[in-house]
Every structure is written in C-alpha cells, then in structure tokens.
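Read through the structure below, which is laid out as structure tokens, and then see the notes.
The values are calculated or read from the model by the stated rules, or taken from the named source; none is laboratory data. Since the model is a prediction, treat every value here as computed from it, not as a measurement. Here the Cβ positions follow ideal geometry from the backbone for every residue, glycine too, while neighbour counts run over all protein chains shown.
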Amino acid sequence: MMARRAGLRPEWGSANRFGKAVPEKLKRLVERCWAADYEERPDFDAIVEQLEEILAGLPEEKSTSGGDGPCCAIA
C-alpha cells in the first residue's frame with residue numbers, strides 16, 4: 001500500500017540537512033499542505049503569504065556563496 005493511502009507522512013528531525021532547526025511555523029505550514037483532506041490544504045496565495053512571514057522572521061546570515069546579501073536556512 002502506498003504511504004499516502006496509509007496516511008503516513010515524513011517525521012521531522014531536530015534539524016534539516018544543513019544542521020539548522022526548521023522553524024515551527026514552516027513545519028505547521030508543510031503539514032497543512034499535506035493534509036489528507038484537500039479542503040484543509042491552504043491555497044497558493046495563503047502559502048506564499050505564510051512563507052513570506054516565515055522568511056521575514058528568520059535571522060539573517062552571512063552568505064557562504066561569496067555575496068553580501070542575507071541567506072536563509074530554508075534550503
């Protein structure tokens with residue numbers, strides 16, 4: 001049986017693959033997006049709005065790519 005049909009979803013680890021903590025707001029958004037009932041899933045405009053809020057709340061980090069701009073941990 002497919003994981004989707006069984007209602008299985010990935011589990012959140014304590015950090016992403018870069019060793020950074022995943023913001024709780026981002027976890028909740030992702031979990032809403034994979035809701036079994038599609039009516040419970042946010043529409044694209046709501047997703048974009050929430051992602052912008054999450055991004056605005058992240059601390060700025062020095063870019064490791066050589067640029068001077070901010071970098072976020074949502075990669």
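Every residue in segment 19-65 that is more than 18 Å from LEU8 (Cα to Cα) and among the hydrophobic types (A, V, I, L, M, F, W, C), please.
The first filter runs over segment 19-65 and keeps only residues more than 18 Å from LEU8 (Cα to Cα), leaving 19-26, 39, 42-65.
Scanning segment 19-65 gives ALA21, VAL22, LEU26, PHE44, ALA46, ILE47, VAL48, LEU51, ILE54, LEU55, ALA56, LEU58.
Close contacts from segment 36-60, counting a first residue that is farther than 14 Å from PRO23 by Cβ and a second that is surrounded by 10 or more Cβ atoms within 10 Å (Cβ to Cβ) and aliphatic (A, V, I, L, M), with Cβ to Cβ under 6 Å and a gap of 6+ residues or different chains, come to ARG41/ALA35. Only one of the numbered conditions (1) of a type in the set (Val, Ile, Thr); (2) in contact with a strand residue (DSSP E or B) (Cβ under 8 Å, 6 or more places away or on another chain); (3) at pLDDT 85 or above is violated by VAL30, and that is (2).
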